[in-house]
Amino acid sequence: MPEPFPQRRLDQPQLGRRRFELDPDMFARLSERVARFLGTGRYLAIQTVIVIVWIALNLVLVGVYRWDPYPFILLNLAFSTQAAYAAPLILLAQNRQDDRDRVSLDEDRSRAERTKADTEYLARELAALRIALGEVVTRDYLRGELDRIVERLEALPEPGTAGQADGAERPRVDAARARPVRGGRAGGV
């Protein structure tokens, strides 16, 4: 037969009293919800209607049915009690929001540091690429060098033509392709 209370042992003394424990995070969430509700227009409208009904009933009703006569001391006590509970709940909600803001700020700061480090790394890599590209031959540089070589080749006398007259045609070299052109003129004409 199973025991009705398996955690309870009668042969051993209890180590301490059981305490009523409340999850602080759950209580903080609840206080936040209450504080958020206390700041809404809906709450103010409901409270205004209740106060108007309270005062109207206490002014209209006669005799025994008046539970809070004219100075409305009970209504004042209700407002004081509400304020006594609302203020700490609002402060607790604000502290919780401050904690969230602090965590968010720390995350933003670490993200900004990572972004800065990544940006500095990319800047160094870009500078290294620019230096490396400075040593690479560009198209314009290569074209200029080929043009100079072509000019030197055109200036050289060709073998076997040293005895020809100055009016004789020599083959020309196409500067863009660096090879002799048929017909003796550039462009193949």
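Scanning the stretch 125-147 for residues that are among the basic types (Lys, Arg) and surrounded by fewer than 10 Cβ atoms within 10 Å (Cβ to Cβ) gives 130, 139.
Does the stretch 32-39 include one or more residues that are over 43 Å from the mean Cα position of the chain (by Cα) and without any contact (Cβ under 8 Å) to a residue 60 or more places away in the chain?
Scanning the stretch 32-39 turns up no residue that is over 43 Å from the mean Cα position of the chain (by Cα) and without any contact (Cβ under 8 Å) to a residue 60 or more places away in the chain.
Of all the listed residues (152, 130, 100), the sole one being without any contact (Cβ under 8 Å) to a residue 60 or more places away in the chain, among the basic types (Lys, Arg), in a helix (DSSP H, G or I) and closer than 30 Å to residue 26 by Cβ is 100. Among the residues of the stretch 58-82, those that are surrounded by 12 or more Cβ atoms within 10 Å (Cβ to Cβ) and modelled with pLDDT of 90 or more comprise 72, 74, 75, 78, 79, 82.
The values are calculated or read from the model by the stated rules, or taken from the named source; none is laboratory data. Just so it is clear, the structure is predicted and the values come from calculations on it, not from any experiment. Ideal geometry is used to build each Cβ from the backbone, glycine not excepted, and the neighbour counts take in all protein chains shown.
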